[in-house]
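Novice: Just passing along the structure, written as structure tokens.
The values are calculated or read from the model by the stated rules, or taken from the named source; none is laboratory data. What you see is a predicted model; the values in this text were computed from it and never measured. Positions of Cβ are generated from backbone atoms using ideal geometry, with glycine treated the same way; all protein chains shown enter the neighbour counts.
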Amino acid sequence: MTFEVKLFLVITMDKKRKRRSSGPRSFDRDQAVETAMHLFRRYGYEGVSIADLTTAIGIAPPSLYSAFGSKAGLYREALDLYEGLPGAIDGMKGSKSLEQALAGLLNAAIRAVTAEERGCMISTGLVEGAIEQQELVRELGDRRRALRDNIANALCQWVDRPEAERLATYVSVIQQGMSVQARDGATAEELSRIAKDTVAGILFRYSKGAC
């Protein structure tokens, strides 16, 4: 009788060890990042919880932390993916004049911010955050500056560097404003009027020799 009890305990303990040693549920990392990107774009960093992410991706929290280190780590990868999508600066490609470049930039921005998930993860993503999120806030600022520099580089084809930087800063402010307006429900038509007024104002300024 004693022998049977011991044998039962050994078998039971062995089963528990096997269950404990089984690895985390496998998942498609690229798909997980894309899913997270859509959630963050729609609801913002603070509007998405770990539970939201794990439910949407279909994994347990330990698997998420193992793969990405933290929610912030997953957010950074989602931002990288987002930056690789067609964006505003792509609208400047092939432009033959400053007017075409500015119009192309703003119109591409409008298409991006009025998509199903409104707004822009870079322009208006995590502008402010809690104390523990300040590193992310700074990183978003760096990404916005990098985008502004890319716009300035493209504009140097028509104006000198100082003026290109001025224009890049100006149209970046317009883009950020349009992103906020889109989140508030502004339509593409409404934003297009803003874009046209912006381009017209810049060209008028040049025609008066103000630059």
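Novice: Go through the stretch 47-79 and give me each residue that's within 18 Å of the chain's Cα centre (by Cα), surrounded by 13 or more Cβ atoms within 10 Å (Cβ to Cβ) and not in a helix (DSSP H, G or I).
Specialist: Selection gives 48 alone.
Novice: Out of all the residues in the stretch 123-131, is one or more in a helix (DSSP H, G or I) and either under 16 Å from residue 174 (Cβ atoms) or assigned by TED's automatic domain parsing to the domain that holds residue 150 (or both)? Before you say what the answer is, go through the steps one by one.
Specialist: Initially, the stretch 123-131 is screened for residues in a helix (DSSP H, G or I), giving 131.
From the residues that got through so far, the ones that are either under 16 Å from residue 174 (Cβ atoms) or assigned by TED's automatic domain parsing to the domain that holds residue 150 (or both) too are 131.
Yes - at least one qualifying residue is present in the stretch 123-131.
Novice: Picking from 79, 53, which residue would you name as being under 30 Å from residue 104 (Cα atoms), at pLDDT 90 or above and touching a Lys or Arg at 6+ places or on another chain (Cβ under 8 Å)?
Specialist: Criteria check complete, one pass: 79.
Novice: I'd like to check something: does the stretch 107-117 contain any residue that is out of contact with any Lys or Arg (no Cβ under 8 Å at 6 or more places or on another chain), farther than 28 Å from residue 77 by Cα, outside the structural domain of residue 39 (by TED's automatic domain parsing) and in a helix (DSSP H, G or I)?
Specialist: No, that holds for no residue.
Novice: Also, I was wondering about something else. Tell me whether the stretch 11-34 contains one or more residues that are at pLDDT 85 or above and under 23 Å from residue 184 (Cβ atoms).
Specialist: No: the stretch 11-34 contains no residue that is at pLDDT 85 or above and under 23 Å from residue 184 (Cβ atoms).
Novice: Counting only residues that are aliphatic (A, V, I, L, M) and within 29 Å of residue 182 (Cβ to Cβ), which one in the stretch 56-75 is modelled with the lowest pLDDT?
Specialist: Ranking the candidates gives 72 first.
Novice: Another question, then. Yes or no: residue 146 aliphatic (A, V, I, L, M), under 18 Å from residue 78 (Cβ atoms) and surrounded by fewer than 18 Cβ atoms within 10 Å (Cβ to Cβ)?
Specialist: yes
Novice: May I ask you to verify whether residue 193 is assigned by TED's automatic domain parsing to the domain that holds residue 116, surrounded by 13 or more Cβ atoms within 10 Å (Cβ to Cβ), among the basic types (Lys, Arg) and assigned to a helix (DSSP H, G or I)? Spell out the reasoning first.
Specialist: Values: assigned by TED's automatic domain parsing to the domain that holds residue 116: yes; surrounded by 13 or more Cβ atoms within 10 Å (Cβ to Cβ): no; among the basic types (Lys, Arg): yes; assigned to a helix (DSSP H, G or I): yes.
Answer is no for this residue.
Novice: Output the number of the condition that residue 69 fails; it satisfies all remaining conditions of (1) at positive phi; (2) in the same structural domain as residue 201 (by TED's automatic domain parsing).
Specialist: For residue 69, the failing item is (2).
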